[in-house]
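Just dropping this structure here.
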Amino acid sequence: MASQNSTLRAAQVAADTTRNADTTIKSYQAPIRYAIFDITLTTAVASNDDIILGKLGCAGTVIPELSRAVGISGGAAGSFTLEKVNAAGTVAALTGAAAITTDGTSVAFARKSGFALGTFDEADYLQVTFTEASGGAINATDVLQFMVAYIAPDLP
């Protein structure tokens with residue numbers, strides 16, 4: 001029966017036979033952290049509008065399947081994509097979409113295209129971009145919550 005090694009196991013095997021091999025498991029055992037952003041909209045949000053969440057103050061990797069978009073109240077129907085924006089203003093997706101269809105629902109984000117995990121730097125700020133469902137824009141006074149799950153191996 002054949003078996004395949006993970007990158008961690010390959011490094012451990014190398015350490016058994018190689019001097020000065022790095023077998024740190026810190027990145028594999030990083031605790032999952034959560035940042036929760038509550039937003040009461042002051043203006044209506046239409047398709048392709050951004051809702052800026054803010055900086056987390058560290059570098060990290062987003063775990064989309066544990067990150068969620070929640071429609072608390074109002075008519076929040078549509079899809080949200082979590083993105084990072086660097087100091088130069090370049091936008092990059094961290095996740096695929098999370099589609100909210102009714103209030104009071106909590107929906108996980110999908111992985112982005114290619115299934116790679118999205119990473120962000122300390123100076124990056126996070127935002128979500130809204131894509132309308134057939135119902136139109138999200139109204140002022142609607143309440144949303146975004147819960148971002150991430151690992152930050154460099155934090156204690």
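Confirm whether Gly78 is under 21 Å from Ile138 (Cβ atoms), touching a Phe, Trp or Tyr at 6+ places or on another chain (Cβ under 9 Å), of a type in the set (Gly, Ala, Ser) and modelled with pLDDT under 85.
yes
Scan (1) part of a strand (DSSP E or B); (2) open to solvent by 40 Å² or more (accessible area, probe 1.4 Å); (3) under 25 Å from Asp154 (Cβ atoms); (4) touching a residue at least 60 places away in the same chain (Cβ under 8 Å) for the single condition Ile72 breaks and write down its number.
Failed condition: (3).
How about the range 103-122: which of its residues are in contact (Cβ under 8 Å) with a residue 12 or more places away in the chain and either open to solvent by 60 Å² or more (accessible area, probe 1.4 Å) or among the charged types (D, E, K, R) (or both)?
Hits for the range 103-122 are Asp103, Gly104, Arg111, Lys112, Ser113, Leu117, Thr119, Asp121, Glu122.
Please indicate, with yes or no, whether at least one residue in the range 83-90 is over 15 Å from Tyr34 (Cβ atoms), open to solvent by 40 Å² or more (accessible area, probe 1.4 Å) and in contact with a Leu (Cβ under 6 Å, 6 or more places away or on another chain).
yes
Report the residue count in the range 91-102 for those that are farther than 17 Å from Ile39 by Cβ and either of a type in the set (A, V, I, L, M, F, W, C) or open to solvent by 30 Å² or more (accessible area, probe 1.4 Å) (or both).
Qualifying residue count for the region: 8.
In the set Thr105, Thr141, which member is at pLDDT below 90 and farther than 30 Å from Ala30 by Cβ?
One residue alone meets the criteria, Thr141.
The values are calculated or read from the model by the stated rules, or taken from the named source; none is laboratory data. Remember, it's a predicted structure, so these values are computed and weren't measured experimentally. Note: ideal-geometry Cβ built from the backbone for every residue, glycine included; neighbour counts use all protein chains shown. We work out accessible area using only protein heavy atoms, side chains counted, and drop any ligands, DNA or RNA first. Shrake-Rupley method; radii C 1.70, N 1.55, O 1.52, S 1.80 Å.
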